[in-house]
Amino acid sequence: MRIGIDIGGTKIVVGLVNEAGRVTARKKVKTESDQGYTAVRDKVNRVVRDLLAEAGARPKSIKSIGIACAGQIDHETERIIFSPNLQWTDAPLKHDVETLTGIKTFIENDVNAATYGEWKFGFHGAGSNVVGIFIGTGIGGGLILNGTLFRGSNGVGGELGHITLNPYGYPCRCGNTGCFEAYCGGSYVVGRVRQHLDRGYRGKLWDIIKGQVEGLNAGHIEEAYMLGDEICHRTWGEVIEYLGAALQSVANLLNPDLIIFGGGVVAGTRRLIEEARLVMERRAMRASVAGLRLERARLGEEAMILGAAFVMDA
């Protein structure tokens, strides 16, 4: 058996996984990252021990622990260089969890883990060149090239959300301007539309959200766009065009077999991927997109658990 762990900004999910890639038991707790690194590390240790006790398994029966965590990972030392979601810098998570549990531990970037989990278990290894694009609050990317997870020279490759689509565009939280994430990340898009609502704009969107501005999400914006709402038509149309342009760049650069889309924005919208594909096909060189599959993720939160558990084999 293996253990896969997803440490997110709001929750920690721990799963017990067999060698066939089936999650046989799981536990979920709040991260409470504001309590600091040490508190979260100790919580991970407690949840692992509780899961093993409930499953009747001993630590010696566990082959390894894999942890998926947002941020940049130093794969030489497996220290977390920086995790913006958790506000960790130079965190020795591998060493600490290994010491506390007595189980060999590996750390991986969360989107790398999710991409690998989807490819290996959701799509059963289809294609040898695969791109994962996860669109939620921001945008994360994962790359599998020639059947191998690609991490780059310093272990931080695959940051697709921070490729520049417009050097004079919207500011991004990374400090750059015009990033893919700044154009298509959920929090950025919702923020731009919300500014109009806060200034008194009332259109079809207002009726959709019933005046509850705090609950606004990308699905509402897409729905209003399809109904012809003026602001949403302009804003969501921009999202589609820039997402398509990003896909065109990825296709021309990497010529992948498969692009897997996950994340809350993808799950909460109906036609985003299909409409962006039309833009990609219009812009891309024909050979770059011949036979290219664009698919939605299939595994939900299990992708991260399975990817974390098995990414040591990648």
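Looking across the range 217-267, the residues that are crowded, with 19+ Cβ neighbours inside 10 Å and part of a loop (DSSP other than H, G, I, E, B) come down to Asp229, Pro256, Gly263. Looking only at residues in the range 191-216 that are outside any helix (DSSP H, G or I) and under 28 Å from the mean Cα position of the chain (by Cα), the one that is surrounded by the most Cβ atoms within 10 Å (Cβ to Cβ) is Leu216. A single member of Ala309, Ala290, Ala276, Ala245 is touching a residue at least 12 places away in the same chain (Cβ under 8 Å) and more than 24 Å from Tyr168 (Cβ to Cβ), and it is Ala309. In the range 109-134, the residues that are assigned by TED's automatic domain parsing to the domain that holds Ser249 and farther than 19 Å from Met312 by Cα never reach a residue that is in a helix (DSSP H, G or I) and modelled with pLDDT under 95 with C-beta atoms less than 6 angstrom apart, at least six apart or across chains.
In the range 91-149, the qualifying residues are those that are of a type in the set (Asp, Glu) and under 20 Å from the mean Cα position of the chain (by Cα), and the one that is farthest from Arg293 (Cα to Cα) is Glu108.
Go through the residues of the range 93-112 one by one and say whether even a single one is surrounded by 15 or more Cβ atoms within 10 Å (Cβ to Cβ), out of contact with any helix residue (DSSP H, G or I) (no Cβ under 9 Å at 6 or more places or on another chain) and basic (Lys, Arg). Within the range 93-112 (the criterion being surrounded by 15 or more Cβ atoms within 10 Å (Cβ to Cβ), out of contact with any helix residue (DSSP H, G or I) (no Cβ under 9 Å at 6 or more places or on another chain) and basic (Lys, Arg)), the answer is yes, since at least one residue qualifies. Exactly one residue among Asn18, Asn85 is among the polar types (S, T, N, Q) and within 17 Å of the chain's Cα centre (by Cα), and that residue is Asn85.
In the range 281-308, of all residues being in a helix (DSSP H, G or I) and out of contact with any strand residue (DSSP E or B) (no Cβ under 8 Å at 6 or more places or on another chain), the one that is nearest to Glu118 (Cα to Cα) corresponds to Val289. If you go through the range 164-190 and pick out every residue that is charged (D, E, K, R) and part of a loop (DSSP other than H, G, I, E, B), you end up with 1.
The values are calculated or read from the model by the stated rules, or taken from the named source; none is laboratory data. Since we're looking at a predicted model, the values are computed, not measured. All Cβ positions, glycine included, derive from the backbone under ideal geometry; neighbour counts span all protein chains shown.
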